[in-house]
Amino acid sequence: MSLGKLANCSRCDALFVQAVRDICQKCYQEVEQEYERCARYLRKRENRGSNIHQVSEATGVSIKQITKFIKEGRISVAGNPNLGYPCESCGFIIRTGNLCESCIKGLKHEITQQLEVEERLKQDGGVDMAAAVYRRKENVDE
Ligand SMILES: [Zn+2]
Ligand SMILES: [Zn+2]
């Protein structure tokens, strides 16, 4: 990846000069503020048992963004026993990986179909973590 290329912010779609992040400076600041709200909420003892929906409602931060925080390791599921995020395929709440166990099982049976799903996601232009993982394995040298 070359530095300083123009890209669309993956969050607000604005054009910006991409360096290390895939989001623009404005979104970056917003995301940091959202993180602060989530972290502050979860720091309270009475909120430790919250699930992702409750955190989202209380903080106004989207489930998608909270999922990102968890996957980035910024919000710890270990310290919050009921906290998880939706499986990317079926929405079942999971605490590790991108897919729930039953979807992983299904996936193994449907390796060929997965290629079609990947194609479709590319066409949709959606940023999908599961697809991104597959893609990362393929094009290491972009
Ligand atoms: Zn942005
Ligand atoms: Zn699932």
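Going by the structure shown, is Cys27 of a type in the set (A, V, I, L, M, F, W, C) and within 22 Å of Glu88 (Cα to Cα)? Explain how you work it out, then say what you get.
Working: of a type in the set (A, V, I, L, M, F, W, C): yes; within 22 Å of Glu88 (Cα to Cα): no.
Taking the combined requirement at face value, the residue does not satisfy it.
Quickly run through the range 103-129 and pick out the residues that are assigned to a helix (DSSP H, G or I), at pLDDT 60 or above and open to solvent by less than 80 Å² (accessible area, probe 1.4 Å).
So the first thing to find is which residues in the range 103-129 are assigned to a helix (DSSP H, G or I), and the list is 103-109, 111-124, 129.
Next, from what is left, pick out any that are at pLDDT 60 or above: 103-109, 111-124.
Listed by number, the residues that qualify are Cys103, Ile104, Gly106, Leu107, Gln114, Val117, Glu118, Leu121.
On the basis of being of a type in the set (D, E, K, R) and within 16 Å of ligand 2 (Cβ to nearest atom), does Lys44 make the cut?
no
Tally time: how many residues in the range 15-31 are surrounded by fewer than 13 Cβ atoms within 10 Å (Cβ to Cβ) and over 19 Å from Lys68 (Cα atoms)?
Count: 3.
The values are calculated or read from the model by the stated rules, or taken from the named source; none is laboratory data. Predicted model only: the values in this text are computed from it and were never measured. Here Cβ is always computed from backbone atoms with ideal geometry, including for glycine, and neighbour counts include all displayed protein chains. For accessibility, only protein heavy atoms count, side chains too; no ligands or nucleic acids. Shrake-Rupley method; radii C 1.70, N 1.55, O 1.52, S 1.80 Å.
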